[in-house]
Amino acid sequence: MIPSTILPHDPAAEISVLGACLQDLAAAQTVCKLLTPADFFDTTRGEVFGLVKALVARGVPPDLVTTFQAASDRKARERVTGALLQDLVEQTPTAANFACHARIVRELATRRRLHDTCVRTAERAWRNGEDLAEVTADLRRNLDTLGSYEQAEGPDLVSMADVTPEAVSWLWPGRFPRGKLSRIIGDPGQGKSCVTMDMAARVSRGLDWPDGGRPPVVASLFSRQRTGWPIRSARAWTRWARTLPAWWPSGASRFQGKRCLPPFGWPRISPT
C-alpha cells in the first residue's frame with residue numbers, strides 16, 4: 001500500500017482554490033459546482049471548503065469574516081482560525097486561474113479514489129471466502145462511479161425554449177445592440193472602416209440611420225492601423241462629425257515581453 005503522505009495531491013492548488021473562493025463570489029459559485037470537501041487532501045482545507053460551500057448555498061458571499069463566523073462550534077474554530085483564512089488569501093494574489101486549479105484538485109482526488117478502490121479490491125481478492133463475482137461486480141460499479149464523477153464537469157446546456165427573452169437596447173435597431181461588443185468582419189477593401197466611421201459620425205451628430213431611427217449615444221473612433229489613410233479618413237469624417245473624437249497610436253509598448261499598442265495616451269486628432 002502507498003503511504004497516505006505521498007498519495008497524489010497538490011497543496012498549492014488547494015490553497016489557490018480556497019483563496020480564490022474567499023475573494024471572489026463568482027469563483028466560489030463555480031468551484032462549488034466542481035468540488036466537494038472530500039476532494040481536498042488536507043482535511044482542514046476540506047473543512048474550510050465545506051464552510052464556503054454552505055455559505056454559497058445560502059447566498060452569502062464567503063470571505064474572511066463570514067467563513068470564520070460559519071464555523072459555529074469551538075472545536076471548528078480551533079481548526080479554521082482567522083489566521084488560517086488570512087494565510088489562504090495572502091497566498092492567492094489573484095483568482096484568475098481558479099478553474100484550472102480546481103480541475104487539478106478534482107483530478108488528484110479521483111486518482112486517490114481510484115487507488116483506494118484498487119487497494120480494497122486487492123485485499124478482498126486475497127481473502128478466502130470472498131465471492132469473486134461479487135468482488136468483480138463491486139469493482140466495476142466503483143469504476144463506473146469514478147468515471148461518472150470525472151465526466152460530471154462540462155458546459156451547462158440550456159434549451160433555448162427555457163431562456164426568458166429580455167428586451168434589447170439597440171444602438172442601430174435590429175443590427176447593433178447598445179452596450180455590447182459588435183464586430184464588422186470582411187476582406188480588406190470591402191468598406192468596413194467606411195461603415196464604422198459613417199456610423200460614428202451619425203451617432204456624434206444625432207443623424208438618422210440609413211433605414212430610419214436615431215442613435216441615442218456619443219461615439220469615439222479608435223484606429224490601430226499604422227498606414228496613413230486612417231488619419232486622412234478620420235480627419236475627413238471629423239469635418240462634419242460634430243463631437244467625434246478620434247485617437248491614433250503613436251507607438252508601441254511592451255507588456256509581459258509582448259509588443260502591444262498603448263490603450264491610453266494616444267495623440268488626439270482634432271477636426272480641421
FRET efficiency for residue 114 and residue 205, using Cβ-Cβ distance with R0 set to 51 Å, rounded to 0.05
0.15
Rounded to whole Å, give me the distance from the Cα center of the range 160-221 to that of the range 121-143.
66 Å
For a footprinting-style exposure proxy, rank 49, 68, 40 by other Cβ within 10 Å, fewest first.
68, 40, 49
Sort 110, 136, 67 by Cβ crowding within 10 Å, fewest neighbours at the top.
136, 110, 67
Run the numbers on the range 4-151 and let me know its relative contact order in percent, using alpha-carbon pairs under 8 Å that are six or more apart.
31 percent
Hey, can you grab everything whose amide H is under 5 Å from the amide H of residue 171? Only 5+ residues off in sequence or another chain; H modelled, so Pro and N-termini drop out.
176, 178
Could I have the simple spin-label model distance between residue 29 and residue 78, label points 7 Å from Cα toward Cβ, reported in nm to one decimal?
3.7 nm
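Laboratory data are not the source of any read-out in this text; all were calculated from the coordinates shown. Quantities reported herein were computed from a predicted structural model and do not represent experimental measurements. Because the Cβ atoms are built from the backbone with ideal geometry, glycine has one as well, and the counts that use them run over all protein chains shown.
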